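To start, the structure itself, in structure tokens.
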Amino acid sequence: MTTGTKSPDGVVTAGNADTEVNAREPLAELYRDLRTSPHGLAGREAARRLIVYGANELTRHTGRRWPSELLSQFTQPLAILLAVAAGLAWAGGTPALAIAVVAVILLNAGFAFVQEMQAEHAVDALAAFLPATAWVVRDGVRAEIPARDLVPGDVLIVVEGGRVSADARIIDGDVTVDLSALTGESVPADRSAGPTVVTGSLLDAHDLVFSGTTCTGGEATTVVTRTGMHTELGRIAALSQRGAAQPSPLETQVRRATWIIAVVAVTVGVAFLPVGVWAGLGWSAAISFSIGLIVANVPEGLLPIITLALAVGVRELARKGAVVKRLSAVETLGSTTVICTDKTGTLTENRMTVTRMWLPGAEIDATGRADDRRAVILAAAAAACTSAHPPTDVEPAGSGDPTELALLRLAAHQDAAVQPALRDANRLAIFHFDAHLKRMTSVDDTAAGVAVHTKGAPETVLPCCTGLDEPTRRDLQQTIDRYAAGGLRVIAVAHRVLAAGEIAPVRRDDAETGLTLLGLVAMVDPARAGVADAVASAHRAGIRIHVITGDYGPTAAAIAHQVGIGRTAGRTVTGDDLDRLSDADLDHLVAGDDEIVFARASPEAKLRICEALRACGNIVAMTGDGVNDAPALRHADIGVAMGRSGTDVAREAATMVLTDDNFATIVTAVDAGRRVFANVRKFVLYIFAHAVPEVVPFLIFALSGGAIPLPLTVLQILAIDLGTETLPALALGREPAEPGLMDRPPRSRRTGVIDRKLLLRAWLLLGGVSALLVMGGYLYTLTRAGWHPGDPTGPGTALHQAYLQATTITFAGIVACQIGTAFAARTDRAALFTIGVFSNRLLLWGILFELVFTAAVIYTPWLQHIFGTTALNAAQLAVIVPFPFIVWGVDEAARRVARRR
Ligand code: ATP
């Protein structure tokens, strides 16, 4: 592989292996060596080079990871604990138990491994939802292509906010780049065309840009020298390796809970040892019962099921238009309390149409052709001051800022159409749109001479204008307010024609002065369909929405009002007001119930607002699309970037990327987050609940000093653990949202997934009722056979068959109660009927499997032999048939009482 090395004569070379070129050689030679030109490659040539050089991708060194991953499942602390138990069982002379415990270990390891692989796969697959693209010149025209199709020799255009997708030499323009991905330093570096002497690293070369870096300002045309693994990024092999995934707070919490339960299980198991011996069991039997207790109560399967539930959530969200980058984001989404959103493009369509024009002393409907000559000059000036590209056959949507596209359309409509190629060729200087200044200026060579064209927010353009008398200013302000109240976006356009021989200004300050106002243009940007509904559902879910926009206050307030934001309690705070607020005042402002429109806000304002909201204990989802939004996106609990209109910089900083740029998708994501969290609670509830009827029989045996024989054998416990528990738990993870989930206030940040309410419901209500039923069934079966406490029931005694039947009743009874628990766990508050008894197909299959497995254990002779069961007759089965209904019914009644309250 070629690397960016210095040859003995100190020349830095670059290029893919077979295009060894010197990236620093004179441009003409570089074009020759790369067999390209400033007009780019021909499409067919590019296709051919793609075959020769391969895709512009970093190949991941995954290797054969799975054997080690699988192996690591066996070195988990819980697996080791179980292995020790198996060893003890073997030493204690119960090989069947040892084998069963080993089976538990194997099954759990396999299960966890498959779940983790699936989870990883789900995250990997997200890349397909966010394809990286690049702007190139091919066949002489600009085109957007998948970044993986870039080849050496391509003319690549690097724009503000974009990711640089290959190593390239700048041939025109200048940019600031963030090299931190390569150098670790986040100080932006200036890069521009023209050779400079470089001693030192290739990365310091002033006219080179590198794959994996981002452009934070400016625009440049470059020629690609290296792609894929041949780039500097490709060389840094470590970068292509996956970093270790951080466990989510949910996983950390559950891991902790699992440990607490494991400690409790071991303590109970060990404590049972002397009690068991005292109650009449031999040491060997007591040991095996202890082991059974431990194995039954350690919730090994919990973590993998949670990881899977999160992964399923991630995959589903991606399909709905929200790509989240971390599993844990799904859970954070569910507790979102505040959404801070942009206006343009998120609440609105970002499809602007100029509808009105104001000229000094006249107002014109811009949807028709204007008679006024001044309207044509206004439209032409506005269109000259753009860098967008109108739609063409190759690019039917056009490219660039929608505001500018609207101005280009206006110009075409008013017979003042602008050819982008001519516009760019005649441009002497450009001062790009600045989010702080809120205006943009170009200096152009026109038929009338060299002219300065400025357009932007009226309050920032008017101060640059001269010759406006007081009545005109008043008229202007009234017009602006009237347009804004109708939700229109207003742009002021001004110009200055330079005197013959006057030198064109090169500094922004010199250009944006002494301008003459040409007029105003007002454009509509309709609210997106579905946003009003999404706002309403966010409100029902107790989520507040603030709008943070660069647009004018009244315009933003009108749009906010249209979609229902701040309708009951809203206010507008301008950027200037915000700057005057102290941090304490801002905290106070956002702590209230108002929904606030922060208008004319600078990008830094987002960060300040985010900090204030978080200081008040909020979980903040914050949208953003520009380079300047990156800090706020990183700082928010959920940074949301726009997949279509957003910059790569914003996409990289965000936790979630909306592939449809739609506000409504944020609310959908919150909904999904809440559902995933609720489902995790459902299967935790289910798994915890069944521990009680497994432990109680042992307690009764011990407390009765052996007068009541053991109601459940160790292997029967393992059968429940191995065979009947997992599938329904998995199915509960796929439960659809229960009604009312989005009608509740957000869950507090402090509420854990396992709280007191859940434990009471699992252990006392569901577990307690199950234990009562199971023990009732057991004692009923024994006493009906004529048993009295203390009577012997061992092999060879008269009561032995009855004892076998009774323990089988306990076993089957627990399974029956599990079924009831599974149905009860399906809802947290709502009645089961509201979601439909049979609406979770997966659960039905899980239960069917559970029943078949149980029947096999009870009725197959060789399994009877292993598990100590015996066939039950119809009358005995009738005892346990009501169990699921009773367990579910009691919980249903409890939920009903809770709902009433
Ligand atoms: P949001 O922050 O919600 O996306 P926005 O797009 O209105 O809203 P900015 O892009 O910061 O916010 O624009 C702020 C103001 O700057 C606009 O109200 C408009 O007056 C002006 N403006 C926007 N785009 C341009 C442009 N390309 N050229 C000149 N002025 C512009």
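Distance between the C-alpha centers of region 372-403 and region 749-785? Whole Å please. Value for the Cα centre distance between the two parts: 71 Å. For the chain, the longest principal axis of the Cα atoms and the long axis of helix 553-563 meet at an angle of about 40 degrees. Placing +1 on the Cβ of every Lys and Arg and -1 on the Cβ of every Asp and Glu, with nothing else charged, gives the chain a dipole about its Cα centre of roughly 3020 debye.
Work out the FRET efficiency for Ala871 and Ala91 from their Cβ-Cβ distance, taking R0 = 30 Å, and round it to the nearest 0.05. Given R0 = 30 Å and the Cβ-Cβ separation, E is 0.35.
Taking the Cα atoms only, what angle lies between the long axis of helix 767-784 and the longest principal axis of the chain, rounded to 10 degrees? That works out to roughly 20 degrees. If one puts a single equal scatterer on every Cα of region 365-462 and applies the Debye formula without solvent, what log₁₀ I(q)/I(0) results at q = 0.10, 0.19 Å⁻¹? One equal scatterer on each Cα of region 365-462 leads to -0.26, -0.96.
Our note on the geometry: Cα centres of region 409-470 and region 670-743, 69 Å apart. Here Ala412 and Glu29 are evaluated by their C-beta separation; at R0 = 45 Å the FRET efficiency comes out at 0.60. Dipole magnitude for region 353-524: computed about the Cα centre from +1 point charges on Lys and Arg Cβ and -1 point charges on Asp and Glu Cβ, it is near 160 debye. Protection proxy ranking for 668-679, 32-43, 465-476, using the average of other Cβ atoms within 10 Å per residue and placing the highest first: 668-679, 32-43, 465-476.
Compute the separation of the alpha-carbon centres of region 105-166 and region 317-336 and state it in Å as a whole number. Taking the Cα centre of region 317-336 as reference, the centre of region 105-166 is 19 Å away. Note on region 746-891: Rg/Rh from Cα positions, Kirkwood definition for Rh, rounded to two decimals, is 1.06. Expressed as an acute angle from 0 to 90° and rounded to the nearest 10, what is the orientation of the C-alpha long axis of helix 283-297 relative to the principal long axis of the chain? Helix 283-297 sits at roughly 30 degrees to that axis. Gain on full extension, evaluated as 0.36 nm per residue between Arg256 and Ala425 minus their Cα-Cα distance, stands at 54.3 nm. Between Thr574 and Ala599, the built amide H atoms are under 5 Å apart, and every one of these is 5 or more places off in sequence or on another chain.
Compactness check for region 353-524: Cα Rg over 2.2 N^0.38 Å is 0.97.
With the helix formula -39500 (n - 2.57) applied to DSSP H stretches of n ≥ 4, the chain reaches a computed 222 nm mean residue ellipticity of -14500 deg cm²/dmol.
In the structure displayed, which of Lys343/Lys682; Lys325/Lys455; Lys320/Lys606; Lys320/Lys343; Lys320/Lys455; Lys606/Lys682 lie more than 31 Å apart, Cα to Cα? Lys343/Lys682; Lys325/Lys455; Lys320/Lys455; Lys606/Lys682, as the Cα separations exceed 31 Å there. Beta-bridge orientation, the chain: approximately 75 percent antiparallel, per DSSP, counting only bridges with both partners inside.
Given R0 = 56 Å, the distance between the Cβ atoms of Leu50 and Arg744 translates into a calculated FRET efficiency of 0.60. Estimated translational diffusion coefficient (Stokes-Einstein, Kirkwood radius over Cα pairs, 10 °C, 1.306 mPa s) of the chain: 50 µm² per second. Extending 7 Å from the Cα toward the beta-carbon at both Ala615 and Asp791 defines two label points whose distance is 7.6 nm.
Every read-out reported here was derived from the displayed coordinates using simple, explicitly stated rules and does not represent laboratory data. Predicted model only: the values in this text are computed from it and were never measured. Every residue, glycine among them, receives a Cβ derived from its backbone with ideal geometry; neighbour counts consider all protein chains shown.
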